[in-house]
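Inspection log for the structure reproduced underneath, given as structure tokens.
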Amino acid sequence: MSFKLRDYQLHAVKSVITHFKKSNDSAVLVLPTGAGKSLIIAQLAQLAKRPILIVTHVKELVEQNAQKIAMLDVTVDIFSAGLNQKNNQAQVTVGSIQSISANLESFTQDYSLIIIDECHRVDANDDDKSGSTQYQKVIEFIQKKDKSVKVLGLTATPYRLSKGWIYKRHYRGFVREIENPIFETCIYEIAISSLIRQKHLTPANIVNVAIQNYSLFQNEQQTNEVLRKYPRVTQGICEDIVQKSEVKLGVIIFAATVEHAKEIQKYLANEKTGLITGQTKIKDRDQIITSFKQQQIKYLINVSVLTTGFDAPHVDVIAILRKTESVSLYQQMIGRGLRLHPNKKECLVLDYAGNNYDIHSPEIGSKKPNENAQIVQVFCPICEFANQFWGIVDEDGDIIEHYGRRCMGVIDNGFEESKQCDYRYVFKQCPTCMEENDIAARTCQSCKAKLIDPDDMLKNALNLKDHLVYRVQDVQLEKEGTKVTLNYFDEDGQKIKDSYDFKYPKAKTEFNKNITSHIQPKVDDIKFIDQINESDIPKPDFIICKKTKYGIEIQHRIYHYQGKIRKANQL
């Protein structure tokens, strides 16, 4: 038996082959939920000349991938305690990470490729209950025998809210802000909107029905307290779900907590409702999921269980009764209802928690800094790359400010290996070598000198009797002959003078070090006083001064401060 891949699936397969022919770097394919990742895996399994190992975290995905591979002329074994099978001598072995990592000595085959499904679960540094480090142990064990074994990850969401992006480089020519990524390069990606437009996924009709008093929190205790205070609200929501899904096929409900899920179940028809949490026994869970897929029950309530590894194409209603800070998780939840089914034209998404995300928006890779922030496009003044950052816009849509730190563009000069654009929108300058470092850096990337943390610097200055800390509100420029004076004003109107006489080369050097290097967009060192304009002078957030016998001496200027200490005119 065989199947025909869609165009984007063929492109994904081709991208893998092309990448690994020229590189051993680990790679990622990013495809939305419902895009048919298991078919891509099956095709790669058929093309492989040596044995391959496919790893995932739940038995449902193990079984699903094995079934797709078995449709081709390829031998496949399953290694999963949850499926009561531990075989691994076929051309392809599909297994659960828990079972494989516990039996590494059994995996001595001459593998050519390790494929990790739902690879956003892999984490190089965590040692938590999810088994993140187990993936690393498996990879290291197999590559110890043969370093050329390739590693490929597949995911719909290449980002973890707690850690950031899982890869560094993107094939479209930009890089992500992450150190020590698990995967080196994203080699292919297709968006949800593209697959909906090509009619490979069902359109989502998202209705934001956030309700007053239904403020759900990330904190489980706070959420439960609110739910107990307003029990009628949950009952009203359940009645609304039933009414809106009256002619629908299947409804998945995402609850905030176990207590919340049980309350929801209480208000729905018991004979038509199933509930799955992390506490549900495996046997009971399998029975409930089977009943739901066979449409014997209509409503399936869950708490952080059905975001991955669950395939029920008839689902045409997603009810979200939980908060999330992650666009990725939001997309995963809605993705449960986007698979094609002959009896549905759209998937109705009812968002009662007021998440208010756009499933077609890209993931920025950091938490939304405040409720007014939105995705903005910022062009780099050096390489002209169109970055996407969180930002604030005015009523006309013009950018007031953005929260980007460094340009994500990649510069390729054709002669040496491509590298990330050096332009930084905010930075921490090394006082030793003047190198611009990431605003959160602790050590200079150039000279390795320790960078003093602005918070530590401010706290120390505030505690010293001979030091003064000024919260700068404004800066004014004065020119007289060869002399330049910057007048800094704090929020109480006190003035601090900063003077440079350009007839002395040392003064020019100091001015360029203290002032010019912080002008945005960047400019060359200033040589003549006529080149200085007041509108270009950068305003530091703080100035730290020391009292000396000669007067007040400026010691530090802190720009782009992002800590907790209050700035000028902040409450």
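Which one is modelled with the lowest pLDDT among residues in region 101-134 that are of a type in the set (D, E, K, R) and in a helix (DSSP H, G or I)?
Of everything passing the filter in region 101-134, Arg121 is modelled with the lowest pLDDT.
Are any residues in region 161-207 among the basic types (Lys, Arg) and in contact with a His (Cβ under 6 Å, 6 or more places away or on another chain), and if so, which ones? Spell out how you get there, then give the answer.
The initial filter retains those residues of region 161-207 that are among the basic types (Lys, Arg), namely 163, 168-169, 172, 176, 197, 199.
Listed by number, the list is empty, since nothing qualifies.
I'm told Lys244 meets every condition in (1) modelled with pLDDT under 90; (2) open to solvent by 60 Å² or more (accessible area, probe 1.4 Å) except one. Can you identify the failing condition by its number?
The single condition Lys244 does not satisfy is (1).
Restricting to region 476-517, name every residue that is open to solvent by less than 20 Å² (accessible area, probe 1.4 Å) and in contact (Cβ under 8 Å) with a residue 40 or more places away in the chain.
If the condition is that a residue be open to solvent by less than 20 Å² (accessible area, probe 1.4 Å) and in contact (Cβ under 8 Å) with a residue 40 or more places away in the chain, then Val484, Leu486, Tyr488, Asp490, Ile496, Asp498 are the ones that fit.
If Cys545 satisfies all but one of (1) more than 21 Å from Gln520 (Cβ to Cβ); (2) part of a loop (DSSP other than H, G, I, E, B); (3) among the hydrophobic types (A, V, I, L, M, F, W, C), what's the number of the condition it fails?
With (1) more than 21 Å from Gln520 (Cβ to Cβ); (2) part of a loop (DSSP other than H, G, I, E, B); (3) among the hydrophobic types (A, V, I, L, M, F, W, C) applied to Cys545, the lone miss is (2).
Return the total of residues in region 142-192 being in contact with a Ser or Thr (Cβ under 7 Å, 6 or more places away or on another chain), open to solvent by less than 10 Å² (accessible area, probe 1.4 Å), part of a loop (DSSP other than H, G, I, E, B) and closer than 23 Å to Ala35 by Cα.
So the answer is 1.
For region 257-278, does any single residue satisfy the condition of being over 30 Å from Val122 (Cα atoms), surrounded by 19 or more Cβ atoms within 10 Å (Cβ to Cβ), of a type in the set (Ser, Thr, Tyr) and modelled with pLDDT of 85 or more?
Yes, region 257-278 has at least one match.
Take region 33-49 and flag every residue that is within 13 Å of Arg6 (Cβ to Cβ) and either buried (at least 24 other Cβ atoms within 10 Å of the Cβ) or among the charged types (D, E, K, R) (or both).
Matches in region 33-49: Ala35, Lys37, Ile40.
Could you list all residues from region 518-543 that are exposed (fewer than 13 other Cβ atoms within 10 Å of the Cβ) and within 15 Å of Asn487 (Cα to Cα)?
Asn533, Glu534, Ser535
For region 529-571, what are the residues that are among the basic types (Lys, Arg) and either closer than 10 Å to Val472 by Cβ or touching a residue at least 12 places away in the same chain (Cβ under 8 Å) (or both)? Talk me through it step by step, then tell me what you get.
If we filter region 529-571 for residues that are among the basic types (Lys, Arg), which is where we start, we get 539, 546-547, 549, 557, 564, 566-567.
Within region 529-571, Lys539, Lys546, Lys547, Arg557, Lys564, Arg566, Lys567 meet the criteria.
Among the listed residues Gln295, Gln287, which satisfies the condition of being at pLDDT 90 or above, at positive phi and either in contact with an Asp or Glu (Cβ under 6 Å, 6 or more places away or on another chain) or not β-branched (Val, Ile, Thr) (or both)? Talk me through it step by step, then tell me what you get.
On the way: Gln287 fails: at positive phi.
Only one candidate passes the filter, namely Gln295.
Got a number for residues in region 422-443 being at pLDDT 80 or above and over 26 Å from Val378 (Cα atoms)?
Looking only at that region, the number is 1.
One line per residue, one yes/no per condition, for (1) buried (at least 19 other Cβ atoms within 10 Å of the Cβ); (2) in a strand (DSSP E or B); (3) acidic (Asp, Glu):
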{"residue": "Ile301", "(1), (2), (3)": "yes, yes, no"}
{"residue": "Phe310", "(1), (2), (3)": "yes, no, no"}
{"residue": "Ile318", "(1), (2), (3)": "yes, yes, no"}
{"residue": "Glu325", "(1), (2), (3)": "no, no, yes"}
{"residue": "Tyr330", "(1), (2), (3)": "yes, no, no"}
{"residue": "Ile334", "(1), (2), (3)": "yes, no, no"}
{"residue": "Leu340", "(1), (2), (3)": "no, no, no"}
{"residue": "Lys345", "(1), (2), (3)": "no, no, no"}
{"residue": "Leu350", "(1), (2), (3)": "yes, yes, no"}
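Would you check if there is a residue in region 439-460 being under 25 Å from Thr185 (Cβ atoms), part of a loop (DSSP other than H, G, I, E, B), open to solvent by 30 Å² or more (accessible area, probe 1.4 Å) and out of contact with any strand residue (DSSP E or B) (no Cβ under 7 Å at 6 or more places or on another chain)?
Start the filter on region 439-460 by keeping residues that are under 25 Å from Thr185 (Cβ atoms), which leaves 440-441, 445.
From the residues that got through so far, the ones that are part of a loop (DSSP other than H, G, I, E, B) too are 440-441, 445.
From the residues that got through so far, the ones that are open to solvent by 30 Å² or more (accessible area, probe 1.4 Å) too are 440, 445.
Filter once more, keeping what is out of contact with any strand residue (DSSP E or B) (no Cβ under 7 Å at 6 or more places or on another chain): 440.
Within region 439-460, one or more residues are under 25 Å from Thr185 (Cβ atoms), part of a loop (DSSP other than H, G, I, E, B), open to solvent by 30 Å² or more (accessible area, probe 1.4 Å) and out of contact with any strand residue (DSSP E or B) (no Cβ under 7 Å at 6 or more places or on another chain).
Kindly establish whether Gly551 is closer than 18 Å to Ala461 by Cβ and either of a type in the set (Lys, Arg) or surrounded by 13 or more Cβ atoms within 10 Å (Cβ to Cβ) (or both).
Working: closer than 18 Å to Ala461 by Cβ: yes; either of a type in the set (Lys, Arg) or surrounded by 13 or more Cβ atoms within 10 Å (Cβ to Cβ) (or both): no.
Taking the combined requirement at face value, the residue does not satisfy it.
The values are calculated or read from the model by the stated rules, or taken from the named source; none is laboratory data. Since the structure is predicted, the reported quantities are computational estimates derived from the model, not experimental observations. Cβ coordinates were reconstructed from backbone atoms using ideal geometry, including for glycine residues, and neighbour counts include every protein chain displayed. Surface areas here come from the heavy atoms of the whole protein model, side chains and all, with no ligands, DNA or RNA. Shrake-Rupley method; radii C 1.70, N 1.55, O 1.52, S 1.80 Å.
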